[in-house]
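The structure appears below as structure tokens.
The values are calculated or read from the model by the stated rules, or taken from the named source; none is laboratory data. Quick caveat, the model's predicted, so the values are computed rather than measured. For neighbour counting, all protein chains shown are included, and Cβ atoms are generated from backbone atoms with ideal geometry for every residue, glycine included. Just the protein is used for accessible areas: all its heavy atoms, side chains included, with ligands, DNA and RNA removed. Shrake-Rupley method; radii C 1.70, N 1.55, O 1.52, S 1.80 Å.
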Amino acid sequence: MDTQKRARLEITDRQGNRIVSENAAGTAIATLQGTPLTANRGTSLNLDWVESVRVNLSAVERRAATIVTRRTVKKDWQIAWLLRAISCMDLTTLSGDDTDERVRRLCAKARQPIQHELVEKLGIEELQLHVGAVCVYHLFVETARRALEGTNIPVAAVSTGFPAGLSPLEERIAEIRRSVEAGAQEIDVVITRAHVFGAKWQKLYDEIVAFKDACGPAHLKVILGTGDLLTLRNVARASLVAMMAGADFIKTSTGKETVNAVLPVGVVMTRAIREYAEETGMAVGFKPAGGIRTAKQSLEWLALMKEELGNSWLDAHLFRLGASGMLADIERQLEFHVTGRYSADYRHPLA
């Protein structure tokens, strides 16, 4: 932990005073406007940067509206984008009545997200299409890991008192460690929203640093709970703090809030990612989750990523869709493309 904190203190600040740490060199995982970016290692907490954040609500809403009204893809291009959406999907089951058998069926769907007959008709056998990850509660991590053996599909676990994130810090950290030990390769954590409301940025930063340290080799996806944060400025500030603390992904929602992933929030968070990348040379992924149910919505989110961050963020290593219910609608669109007919939802069960 001391080593990680020391590395964070040696990275750039907002004013451009960049002092590269001895372990800063790394393989580029993305490019932004021609500049190679490495994986996020975190930085020291820059309160001046956080407090200086302002968000123009009307401008954000106008920008989000252009994604819906002016960006469309048709025919074969649309099918290609829908297949890309599947490859970036976190197939998820987070219900109180989850069972081992349901998780195994979900993993089978993750391995073959669209029916074999459709794969043949589309001529995409060589793609070996699968989803980006399978996301489950800690209790089912080992079940999912066994069901996905022999694939490159990671298991993600929701931890830290999901969805409220209000259990004692020590318990949340212990839960992360248990999930990693059980085989989770990604950990979705929930922040304490009260730290945002009280502008307690140091506490929020320290909390996420502790989560990152507990993750070890696993990727950390930080859920902000944007529907609870009240303002877009809070969303932008929390995004910056999470990235400074070492988040590999920032994620909109648990899917349990009244308001989940919406495009204005996406604009704010992707621009925070872009600004952070420009300042630090490090790339952070983005995951909208909750309320994304149609193929059309998946195209809107992909368009947002392409326009705000570029092609590097059109891949599962930097973009995920938390939208399991959307898969059936995508399958229906694919079937319409090859047969000219829409099928019923029940023909495309998730688990």
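Once you sort the root eigenvalues of the Cα gyration tensor of region 67-226 as a ≥ b ≥ c, which label holds: rounded (a/c under 1.5), prolate (a/b larger than b/c) or oblate (the other case)?
oblate
Find how many whole Å separate the alpha carbon centroid of region 194-217 from the alpha carbon centroid of region 98-152.
Measuring centre to centre over Cα atoms gives 32 Å.
Non-local amide H neighbours of Ala289 (under 5 Å, H modeled in plane, Pro and chain starts lacking H): which ones?
Thr252, Ser253, Ala261, Gly322
Give the peptides 173-182, 43-52, 240-249 in descending order of average Cβ contacts within 10 Å, highest first. All intermediate terms of the calculation are to be shown ahead of the outcome.
Working: 173-182: 18.8, 43-52: 16.6, 240-249: 26.4.
Descending packing order for the listed peptides: 240-249, 173-182, 43-52.
Taking only DSSP H segments of four or more residues, each worth -39500 (n - 2.57), what value at 222 nm results for the chain once the sum is divided by all its residues, to the nearest 500 deg cm²/dmol?
On the way: 14 runs with 159 residues, N = 351.
The helix-only estimate for the chain comes to -14000 deg cm²/dmol at 222 nm.
Under a straight-distance cross-link criterion of Cα-Cα below 21 Å, which lysines are reachable from Lys212, leaving out those fewer than 8 residues away in the same chain?
Excluding near neighbours in sequence, the set is Lys5, Lys200, Lys203, Lys221, Lys251, Lys287.
Tell me the per residue accessible area of region 197-344 using a 1.4 Å probe; a whole number in Å² is fine. Each step should come with its number before you reach the end.
Details: 4430 Å² over 148 residues.
Roughly 30 Å² per residue, with all protein chains present.
Please turn the phi angles of region 192-200 into ³J(HN,Hα) values with the Karplus equation 6.51 cos²θ - 1.76 cosθ + 1.60 (θ = phi - 60°), one per residue in order, whole Hz, x for glycine and proline.
With the stated coefficients, region 192-200 comes to 7, 4, 4, 4, 6, 4, x, 6, 8 Hz.
Kindly provide the Kirkwood hydrodynamic radius of region 165-242 in Å, to one decimal, from all pairs of distinct alpha carbon atoms. Intermediate results must be reported in sequence, preceding the final value.
Numbers: mean 1/r = 0.0783 Å⁻¹.
Evaluated on region 165-242, it is 12.8 Å.
Shape call for region 164-322 from the C-alpha gyration tensor, a ≥ b ≥ c root eigenvalues: rounded (a/c under 1.5), prolate (a/b greater than b/c) or oblate? Don't jump to the answer; show the numbers that get you there.
Numbers: a/c = 1.43, a/b = 1.33, b/c = 1.07.
The shape class here is rounded.
With θ taken as phi - 60° and the coefficients 6.51, -1.76 and 1.60, list the Karplus ³J(HN,Hα) couplings across region 156-163 in order, rounded to whole Hz; mark glycine and proline as x.
Each residue of region 156-163 in turn: 10, 10, 7, 10, 6, x, 4, x Hz.
Order 317-327, 122-132, 78-88 from most to least packed using the mean count of other Cβ atoms within 10 Å.
Ranking the peptides 317-327, 122-132, 78-88 by packing returns 317-327, 78-88, 122-132.
First compute the accessible area of the chain with a 1.4 Å probe, then give the percent of it belonging to carbon and sulfur atoms. Intermediate results must be reported in sequence, preceding the final value.
Working: 7760 of 15480 Å².
Ligands and nucleic acids excluded, carbon and sulfur reach 50 percent.
Relative to the longest principal Cα axis of the chain, at what angle does helix 201-215 sit, 0 to 90 degrees, rounded to 10?
That works out to roughly 60 degrees.
Taking the chain as a Gaussian network, Cα atoms linked when under 10 Å apart, which of Glu300, Glu171, Glu207 shows the biggest mean-square fluctuation?
Of Glu300, Glu171, Glu207, the Gaussian network model singles out Glu171 as fluctuating most.
Taking a ≥ b ≥ c as the square roots of the Cα gyration tensor eigenvalues, with a/c under 1.5 meaning rounded and otherwise prolate when a/b beats b/c, else oblate, which class fits region 54-139?
Details: a/c = 3.51, a/b = 1.29, b/c = 2.73.
Verdict is oblate for region 54-139.
Compute a Gaussian network model of the chain, connecting alpha carbons closer than 10 Å, and tell me which residue from Lys287, Lys221, Lys203 fluctuates the most.
Among Lys287, Lys221, Lys203, the largest mean-square fluctuation in the Gaussian network model of the chain belongs to Lys203.
If you fit an axis through the alpha-carbon atoms of helix 326-339 and take the longest principal axis of the Cα set of the chain, what angle between them do you get, 0 to 90°, nearest 10?
Between helix and principal axis, roughly 40 degrees.
Find the percent of Cα-Cα distances in the chain that exceed 39 Å, and round it to a whole number.
Numbers: 7051 of 61425 pairs.
Counting every Cα pair in the chain, those more than 39 Å apart make up 11 percent.
Note the angle between two axes, namely the Cα long axis of helix 295-308 and the longest principal axis of the Cα atoms of the chain, as a number of degrees from 0 to 90, rounded to the nearest 10.
It works out to around 40 degrees.
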